[in-house]
Amino acid sequence: MSRLDTAPATSPAPLPDPGTLVLLNRPLRPGTDPSTLSVFADQRWRLSPAVFEGHTTAFSIDFSPITAPFLPTVKTLIWLLLNHTSAGVSTFYFRPRTLAIPTITATFRNLRLFTDWLHGRGRTCFGEVSLADLDDYAAHVKAAESSHALREDQLSIVNRVWSYRDLLPDADRLPQTPPWRGERIQDILQQRRAIREENRTPRIHPETMSALLGWALRFVETFAADITAAFDEHLVLSERGGRSRRGRDIPPPRRPKGALTDDLRVLLAGYREQGRPLPGFRDNDGTVRVNSRTWRKCSTPPAARWTSPATGPSSPRHGCPSSKVRRWTRRSPGGWTAGPGTARPSTTPRPVRWPGT
């Protein structure tokens, strides 16, 4: 069914003169030099100052390919698309809105194709175009060997030009009747634009997907508490180790005299209570030794360390039995060294998994 309508009868908007800024009503990127902005008389319009995405390429419009009879009208239409969106614009085909710069550059390419076709038929302005001409142009586009999306865009520009007809001089206006008497483009082309392409990614086999989903749920429902608790503990120990996560040096905390000894007693009592081994490693000959670096980080443990499910008892093979540590004697360059019968740091350590992480 055809939809008939006419463009609203309003007084034409003020048209640009040769010195009018191309981006007159467009927000500009901070720091844009006004003296570098394009004006209406320029043959190439730089549109990049109105594009805020830093990753985009430069945008511009070069009017040199436009045939001379249509050049003033095409420049006026592009200027209106950039700066004028509501008053005097017909809403029969489009809702009033500000078009993005990439959309306008694409619109210009389709407008050039339309004017080239009209010039080939001997037309020198839009006022000379008849409804029969538009019907022939629709047949020409429909027969073109291009994608359906391109064909729709090439016909859509005709509707866009018609929507702005009342803002143009009388000689530059398309016929008052809507193009193709209001018929929809998809009906003219007898094809609808695909909204979304089919997903061509190969399907994952259901058995594989079931296993992935099962393990994902297990991580969320079963392992998550231990993982987050271990990560929180890692953050605390990293801070105590003298380096932050960003690699900055952190001044060591100042303790009152005798506080470190008291902290170590509390820490050892907690290890003995749970029967946990001390953090350690195996050297080259397989001997298990105390990891003094990790021991120093643990010297002020939170009370929750002894009750958290993430730090339960571990096998003695992960470290040194806490029953062997009787007393701490002195601070050495490599860390704290233990009394008789206890482990000492090795100069060639081999890391062993620390229990509770």
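Does region 46-105 come out rounded, prolate or oblate by the C-alpha gyration tensor, with a ≥ b ≥ c the root eigenvalues, rounded set by a/c under 1.5 and, if not, prolate when a/b is larger than b/c and oblate if not? Provide the component values of the computation, followed by the final result.
Numbers: a/c = 2.56, a/b = 1.09, b/c = 2.35.
Judged from the Cα gyration tensor, region 46-105 comes out oblate (a/c at least 1.5, b/c at or above a/b).
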*When all protein chains stay in place, what accessible area (Å², nearest 10, 1.4 Å probe) is found for residue 153?*
60 Å²
_Per-residue ³J(HN,Hα) for region 124-135, Karplus 6.51 cos²θ - 1.76 cosθ + 1.60, θ = phi - 60°, Hz, x for Gly and Pro_ = 10, 7, 5, x, 8, 7, 9, 5, 5, 4, 5, 5
*Rank these by accessible area, largest first, 1.4 Å probe: 163, 35, 238, 86.*
35, 86, 238, 163
*Per-selection Rg to Rh, region 91-135 - Cα, Kirkwood hydrodynamic radius*: 1.06
*Per residue of region 153-158, in order, report the coupling 6.51 cos²θ - 1.76 cosθ + 1.60 (Karplus, θ = phi - 60°) as ³J(HN,Hα) in whole Hz, putting x for Gly and Pro.*
5, 5, 7, 5, 5, 5
*Amide H to amide H, which residues 5 or more places from residue 280 or on other chains are under 5 Å from it, using H placed in the peptide plane?*
291, 320
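How charged is the neighbourhood of residue 23? Take every other residue with its Cβ under 11 Å from the Cβ of residue 23, and add Lys/Arg as +1 and Asp/Glu as -1. Intermediate results must be reported in sequence, preceding the final value.
Numbers: positive: 26, 29, 46; negative: none.
Neighbour charge sum, excluding residue 23 itself: +3.
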*Net charge near residue 63: determine it from the other residues with C-beta under 10 Å of the C-beta of residue 63, scoring Lys and Arg +1 and Asp and Glu -1.*
+1
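With a sphere of radius 13 Å drawn around the Cβ of residue 110, what net charge do the other residues whose Cβ falls strictly inside it have (Lys, Arg +1; Asp, Glu -1)?
Values: positive: 109, 112, 151, 160; negative: 116, 152, 153.
In short, +1.
How large is the dipole of region 108-197 about the Cα centre if only Lys and Arg carry +1 and Asp and Glu carry -1, each at its Cβ, rounded to the nearest 20 debye?
Details: 14 positive and 14 negative charges, 53 e Å.
It works out to roughly 260 debye.
Tell me, what is the per residue accessible area of region 31-87 in Å², probe radius 1.4 Å?
Numbers: 2600 Å² over 57 residues.
Spelled out: the 1.4 Å probe surface of region 31-87, per residue, equals 46 Å².
Once you sort the root eigenvalues of the Cα gyration tensor of region 64-192 as a ≥ b ≥ c, which label holds: rounded (a/c under 1.5), prolate (a/b larger than b/c) or oblate (the other case)? Intermediate results must be reported in sequence, preceding the final value.
Details: a/c = 1.30, a/b = 1.14, b/c = 1.14.
Here region 64-192 falls in the rounded category.
The values are calculated or read from the model by the stated rules, or taken from the named source; none is laboratory data. Keep in mind that what you see is a predicted model, and the values were worked out from it rather than measured. Counting neighbours? That spans all protein chains shown, and the Cβs are built from the backbone with ideal geometry, glycine included. Only protein heavy atoms, including side chains, enter the accessible area calculation; ligands, DNA and RNA are left aside. Shrake-Rupley method; radii C 1.70, N 1.55, O 1.52, S 1.80 Å.
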